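Notes for the one structure printed next.
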Amino acid sequence: MSVFARPQAEREAALLAELTALTAHHREHCPPYDRILSSLGTPTGFGSLAELPWLPVRMFKTHDLKSVPDDEVFKVLTSSGTTGAGASRIYLDKEAAAVQPRQLGATLKEVLGGKRLPMLMVDTISIIKNRRSFSARGAGVLGMANFGRNHVYALDEHDRPDVEAVKEFLAKHGSEPFLIFGFTFMVWQYLYEVAKEHSLDLSNGILIHSGGWKKLIDIAVDNAEFRRRFAEDTGLTRIHNYYGMIEQIGTVFLEGPSGNSLYCPEFADVIIRDPDTWEEQPVGKPGVIEVVSTLPRSYPGHVLLTEDLGVVHGIDDGDWPGKRFSVLGRLPRAEARGCSDTFSGAVA
């Protein structure tokens, strides 16, 4: 069954019940989380998703937050930590480590279908060598590898384009549907530019990509231009950007077939907040993105205020039901720090 089938009102009712129960679960099993909510006078019942208490995503860089005993920690994921605030540490028990790829698979099935496709990874195999502790990039590559077969990496172990490997892959698999995965800037630099230079035919590909747009915007390539150039120069038209973060591993917001809007799977949602009042913004008005998901049970990451700006374009009026939205960029760093300053004293 599709995870993009529920209209917004039905989705919100189901999510509110699950997330209210999950908030109680984390209060019981994560004392620092309970102290934060107690210090804020958080009630136990909520009338809407927007009333649920959020944590700034930055807190996972500065505090150990987990809702499982130490001896049940199965895997620790770390973010890249490039913003200077250290790396997030996300604790998964065996159940959480099993649920997140299952739900990621249910999300991607919407565009990939039910069977594993030959897969071109726009990365290097060396990124996934350490199996116990992954970087965000390594976790993304390994997580996506589960959905393909006959994997070929487009870069060699020194991060240089392996044009022959890509040509061999296309010779073997290019006449049938195949999956391409990579981070957005790497896909542009190491796939688009290589494919254009060597006149490679990617028309049977389905591209799943994610990551910041900053480097591409600097060279005047936005999402619409990215899609247009791939279509014109390589024949690739099935392109799906996604938005996700290691702090809500397994939850991705997927670009619809028409492009330029992201959609929420039924176990997740977004709320756009006014950065001054923290009230929910109406459709069409930009603000700070809050992400909610029922997946995080081993750590209190179910309601997170991100450091990204976004806008909801519409509700139940796009390719799939629910909210459709865009990510507009990062919050200025000072504002992002301000979002989390409120909370830092409550955890001690």
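Side notes on the structure shown:
- Odd one out for LYS75 among (1) within 30 Å of GLY256 (Cβ to Cβ); (2) surrounded by 14 or more Cβ atoms within 10 Å (Cβ to Cβ): (1)
Conditions (1) surrounded by 13 or more Cβ atoms within 10 Å (Cβ to Cβ); (2) modelled with pLDDT of 85 or more; (3) outside the structural domain of MET186 (by the TED database); (4) more than 30 Å from PRO177 (Cα to Cα), marked per residue:
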| residue | (1), (2), (3), (4) |
| --- | --- |
| ARG89 | yes, yes, yes, yes |
| VAL111 | yes, yes, no, no |
| GLY114 | no, yes, no, no |
| ASP123 | yes, yes, no, no |
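- Matching option when the condition is modelled with pLDDT of 95 or more, within 26 Å of SER88 (Cα to Cα) and surrounded by fewer than 20 Cβ atoms within 10 Å (Cβ to Cβ), among VAL311, VAL291, VAL347, VAL303: VAL311
- Residues of region 15-72 that turn out to be open to solvent by 60 Å² or more (accessible area, probe 1.4 Å) and either outside the structural domain of ALA268 (by the TED database) or hydroxyl-bearing (Ser, Thr, Tyr) (or both), as a count: 4
- Residues (assigned to a helix (DSSP H, G or I) and open to solvent by 30 Å² or more (accessible area, probe 1.4 Å)) located in region 4-13: ALA9, GLU10, GLU12, ALA13
- Taking first residues from region 113-139 that are farther than 22 Å from GLN189 by Cα and partners that are at pLDDT 65 or above and among the small types (Gly, Ala, Ser), the Cβ contacts under 7 Å between residues at least 6 apart in sequence or on separate chains come to ARG116/GLY148; LEU117/GLY148.
- Looking at GLU168, GLU176, GLU157, just one residue is over 20 Å from ASP233 (Cβ atoms), at pLDDT below 85, open to solvent by 10 Å² or more (accessible area, probe 1.4 Å) and over 25 Å from the mean Cα position of the chain (by Cα), and that residue is GLU157.
- Positions within region 50-66 being in contact (Cβ under 8 Å) with a residue 60 or more places away in the chain and more than 17 Å from HIS25 (Cα to Cα), in sequence order: ALA50, PRO56, VAL57, ARG58, MET59, PHE60, THR62, HIS63
- If you check LEU77, LEU37, LEU22 for being part of a strand (DSSP E or B) and in contact (Cβ under 8 Å) with a residue 12 or more places away in the chain, only one passes: LEU77.
- Any hit, region 231-250, residues being loosely packed, with under 14 Cβ neighbours inside 10 Å and touching a residue at least 12 places away in the same chain (Cβ under 8 Å): no
The values are calculated or read from the model by the stated rules, or taken from the named source; none is laboratory data. These numbers come from a predicted model, not from an experiment. Methodologically, a virtual Cβ is constructed for each residue, glycine included, from the backbone with ideal geometry; neighbour enumeration extends over all protein chains shown. In case anyone asks, the SASA skips ligands and DNA or RNA and just uses the protein heavy atoms, side chains included. Shrake-Rupley method; radii C 1.70, N 1.55, O 1.52, S 1.80 Å.
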